[in-house]
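> Have a look at this one before I ask anything.
The values are calculated or read from the model by the stated rules, or taken from the named source; none is laboratory data. Since this is a predicted model, take the numbers as computed values, not measurements. Virtual Cβ from ideal backbone geometry, glycine too; neighbours counted across all protein chains shown. Remember, those area values only see protein heavy atoms, side chains included, never the ligands or the DNA or RNA. Shrake-Rupley method; radii C 1.70, N 1.55, O 1.52, S 1.80 Å.
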Amino acid sequence: MLKLILPEEKYWKTFLEGVEEYKNAPTLFDTNGIKSGLKFTIFSDFKTNSENDRLGIGLKEGYVKQTRLWLIENDIFIGAFDIRHNLNDELIKRGGNIAYYIIPSKRKKGYASLGLKLCCKYAFETLNLKKVLVTCNALNLASYNTMKKVANELGGYEDKPTFFPDKEEKRVWINCHN
């Protein structure tokens, strides 16, 4: 059964395996995201960091509260979803409310779409967000197609892209309630 949960220690080993897989199969679009888990060797440190982010404790300047969730299927870590609780000027241009990472061996199997829908449900039910912004590099067609697919299913629209000197960032708003 597929579920989106707050990190739990019983999945820590499969999370670390997923992070290692992700690290060993980088793509042009990988950001720090899931690989930030590499700086933690003990679950309690990772959990404390995640809880501090969720509660807004010790955030770097320009950062907002975020909840880190794990996509789990049959007790195996599949991916991570980070939901930013609000948007600042920078996140409206690049980053949005939700960032997600699916481990390489589970890509192209529908997990990103399923996880994004679960993430929207969590954002509505837990954070009271009516809609979320999801962004990606315009060349990342898999992520772009996922964003559009979920927006078509849940309601939403594609906003004007943001242009940077080195890239174009696609921007899609998705309704969290239906």
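> Sort out which residues of region 52-76 are over 14 Å from the mean Cα position of the chain (by Cα) and aromatic (Phe, Trp, Tyr), and write them in order of number.
The one that is over 14 Å from the mean Cα position of the chain (by Cα) and aromatic (Phe, Trp, Tyr): Tyr63.
> Among the helices (runs of 4 or more DSSP H) confined wholly to region 1-108, which include 1 or more residues that are open to solvent by less than 80 Å² (accessible area, probe 1.4 Å) and modelled with pLDDT under 90?
Counting at least 1 such residues, we get 12-24.
> For region 127-138, does any single residue satisfy the condition of being open to solvent by 30 Å² or more (accessible area, probe 1.4 Å), over 18 Å from Phe15 (Cα atoms), at pLDDT below 95 and not small (Gly, Ala, Ser)?
Checked region 127-138: at least one residue is open to solvent by 30 Å² or more (accessible area, probe 1.4 Å), over 18 Å from Phe15 (Cα atoms), at pLDDT below 95 and not small (Gly, Ala, Ser).
> Does Asn145 satisfy being of a type in the set (S, T, N, Q) and either more than 26 Å from Ile76 (Cα to Cα) or buried (at least 18 other Cβ atoms within 10 Å of the Cβ) (or both)?
Spelling it out, it is not the case that Asn145 is of a type in the set (S, T, N, Q) and either more than 26 Å from Ile76 (Cα to Cα) or buried (at least 18 other Cβ atoms within 10 Å of the Cβ) (or both).
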